[in-house]
Structures are given as C-alpha cells and as structure tokens.
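Asks: Can you read through this structure? Questions will come right after.
The values are calculated or read from the model by the stated rules, or taken from the named source; none is laboratory data. Predicted model, so just to flag it, every value in this text is computed and none were measured. A quick note on method: Cβ atoms are made from the backbone with ideal geometry, for glycine too, and the neighbour counts reach across all protein chains shown.
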Amino acid sequence: MEIFLRVDRVEKVLLEDGWHWVEPDTFGAGEYGFTQFDGKELKVIAWPSPEAHDRVWVTWSEGDGSQIAAPLSSVRGVRLRTEDSARGIASR
C-alpha cells in the first residue's frame, strides 16, 4: 500500500529528539543541494549523486523562525492538522 500525506496539513514532525512544531504551509520535501550566494547570484556548490542514500530531505520553519532541514529517513512520524486530518491522508 502507498500512503500519501498532504504537506500543507503537516502540523508536527517527529524526529529522534522529539516532536517539532511546523509553521503552517512551510513543510516541504525534495532533493537537496547546497548553494552559496556570492553577492550577485546563487550558485550550486554541492549536489548528491544519483546513488546517494538520503537524496530526499524535508524542510520546515518553526515558531521561532528557525528553518529546519533533515533527511527524509530521519522522520519517524508526522501529525496532520486535525481540522482536515481525514482528508489529509490518502492511500491506494
């Protein structure tokens, strides 16, 4: 079975150190890379190889303004906002 979670409904993320609150509509997932701004433009300075184990990372903002990024494999669970939790999870 495949399970799909709506990223716009993620309220908390469970990592090894406990639950992290997610500011509304800031959770996202995708392949990561590292960039550097040289004063004129943003340049990609590192990108994982196609064989990399943790190519997909998740990101979000916390209430204090911190931006968090972590490998998807470090996520132990997510909690969806209750007002729409029934429609936030789909499976097939």
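Asks: Can Ala29 be described as in contact with a helix residue (DSSP H, G or I) (Cβ under 8 Å, 6 or more places away or on another chain), aliphatic (A, V, I, L, M) and either part of a strand (DSSP E or B) or at pLDDT below 95 (or both)?
Replies: Against the criterion (in contact with a helix residue (DSSP H, G or I) (Cβ under 8 Å, 6 or more places away or on another chain), aliphatic (A, V, I, L, M) and either part of a strand (DSSP E or B) or at pLDDT below 95 (or both)), Ala29 qualifies.
Asks: List pairs: first residue in the range 72-89 and at pLDDT below 95, second residue exposed (fewer than 11 other Cβ atoms within 10 Å of the Cβ) and of a type in the set (Phe, Trp, Tyr) anywhere in the structure, Cβ distance under 9 angstrom, at least six positions apart or on different chains.
Replies: Qualifying pairs under 9 Å: Ile89/Phe4.
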